[in-house]
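The next block holds one structure in the form of structure tokens; read it before the comments.
The values are calculated or read from the model by the stated rules, or taken from the named source; none is laboratory data. Everything numeric in this text was worked out from a predicted model, so none of it was measured. Using ideal geometry, Cβ is built from the backbone for each residue, glycine included, and neighbour counts are taken over all protein chains shown.
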Amino acid sequence: MSTTGTYGTAIPSSGCYTEVPPYDAVMSESSPATFPITTALELEGMVIERNLGLTFGLVVRSMGLAKSFGAGLTAMRQGEVPQYTSLLEDSRRHAIDRMIDNARLLGANAVIAMRFDSSEVSQQLTEVVAYGTAVVVRPRE
């Protein structure tokens, strides 16, 4: 996996979320480089022509026994656990790719109101969901 731009995550600002720059990362061969995604309810300079409904991408990941053991040792000394940080960051990016693929299947060219959710499925499995509203947009005249 390689990235070629900014990673579209929510940016807290005074207790609320502001618009995220367009997602422009390439995670796989099937994901083109640019697809506008925002946590806001609209894209600046664009008009929403059609609301296509919910789009989502789901990933369930396991770190594996060897990495989990190493992460457990790191966690005992407190502070950030880079093994888990890396796993969750990769999972979020993968979930975004799947959300984009799902939105394109619906006929969308952008996603608004994007959010993440995550939970522990079992002791070794983490679920990450990226979801939002698939829309068709055009530049404002």
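If only residues of region 75-113 that are surrounded by 15 or more Cβ atoms within 10 Å (Cβ to Cβ) and among the hydroxyl-bearing types (Ser, Thr, Tyr) are counted, the one that is modelled with the highest pLDDT is SER91. Pull up region 31-61, narrow it to residues that are among the aliphatic types (A, V, I, L, M) and more than 15 Å from the chain's Cα centre (by Cα), then point me to the one that is surrounded by the fewest Cβ atoms within 10 Å (Cβ to Cβ). Selected residue: LEU41. The set of residues in region 97-110 being in contact (Cβ under 8 Å) with a residue 12 or more places away in the chain and either on the phi > 0 side of the Ramachandran plot or not charged (D, E, K, R) (or both) consists of MET99, ILE100, ASN102, ALA103, LEU106, GLY107, ALA108, ASN109, ALA110. Within region 67-94, residues that are charged (D, E, K, R) sit with their Cβ atoms under 7 Å from residues that are modelled with pLDDT of 55 or more and outside any helix (DSSP H, G or I), at 6+ positions apart or across chains, in these pairs: ARG92/PHE116; ARG92/VAL128; ARG92/ALA130. Being under 15 Å from ALA95 (Cα atoms) and surrounded by 12 or more Cβ atoms within 10 Å (Cβ to Cβ) is the filter here, so list the residues in region 114-124 that pass it. Those that are under 15 Å from ALA95 (Cα atoms) and surrounded by 12 or more Cβ atoms within 10 Å (Cβ to Cβ): MET114, ARG115, PHE116, ASP117, SER118. Six or more apart or on different chains, Cβ under 8 Å: which pairs go from a residue in region 111-129 that's acidic (Asp, Glu) to one that's outside any strand (DSSP E or B)? Could you list them? These pairs meet every condition: GLU127/VAL121.
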